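All of the numbers you see were taken from the coordinates with simple rules; none came from a lab. On a predicted model such as this, the values are computed, not experimentally measured, just so you know. Here the Cβ is made from the backbone with ideal geometry for all residues, glycine too, and neighbour counts use every protein chain on show.
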Amino acid sequence: MSSTASLDAAPVGSCDDGFMLLDLGATDDVAPSLDTSSCDLVSIVGSTGTVVLDEVSTLVVEGSDVTVSVQDVDTVQLAGDRNTVHHAGEAPAVDDQGQANTVTAAAEPAAE
């Protein structure tokens with residue numbers, strides 16, 4: 001039995017049972033906008049990338065030099081350095097375990 005079989009069970013890029021995993025090492029530099037409205041937790045791992053999210057309860061960024069734009073988020077957890085999170089909704093609770101991270105309010109996206 002392979003010891004890596006359990007790693008393949010994590011949902012990557014889709015919401016499964018309220019959880020979405022985004023691996024920046026497996027995506028383009030700029031990821032498409034993702035519908036995360038059914039996700040309680042979105043975890044972004046990797047470094048140097050841009051992610052655009054809809055709404056999410058908890059956002060976890062484990063990496064460095066990641067830029068995230070999120071429509072609405074309740075909690076942001078940062079475990080890396082030089083990450084930027086722009087949110088359009090109410091200010092989230094922030095748990096910053098890294099250095100030089102920023103979480104700022106952004107203007108509402110323009111209607112298409």
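Please compute the net charge surrounding SER57, taking Lys and Arg as +1 and Asp and Glu as -1 over other residues with Cβ under 10 Å from its Cβ.
-4
Under 5 Å between amide hydrogens, which residues at least 5 positions from ASP96 or on another chain qualify, with H placed 1.01 Å from N in the peptide plane?
The answer is LEU78.
Could you pull out every residue, at least 5 positions away or on a different chain, whose amide H is within less than 5 Å of the one on VAL68? Hs are placed 1.01 Å off N in the peptide plane, and Pro or chain starts have none.
When sequence neighbours closer than 5 places are left aside, the close amide H contacts are VAL51, THR84, VAL85, HIS86.
Search the structure for amide H atoms under 5 Å from the amide H of ASN101, placed 1.01 Å from N in the peptide plane, and list their residues when 5 or more places away or on another chain.
Distant-sequence amide H within range of ASN101: ARG82, ASN83.
Apply the Karplus parameterisation 6.51 cos²θ - 1.76 cosθ + 1.60, with θ equal to phi minus 60°, to every residue of the range 48-55 and state each ³J(HN,Hα) to the nearest whole Hz, in sequence, with x for glycine and proline.
6, x, 10, 10, 10, 10, 7, 10
Within a Cβ distance under 11 Å of GLY80, other residues only, what is the Lys/Arg minus Asp/Glu net charge?
Neighbour charge sum, excluding GLY80 itself: -3.
Looking at the calculated P(r) for the range 58-109, what percent of the C-alpha pair distances fall above 19 Å?
Here the tail beyond 19 Å accounts for 15 percent of pairs.
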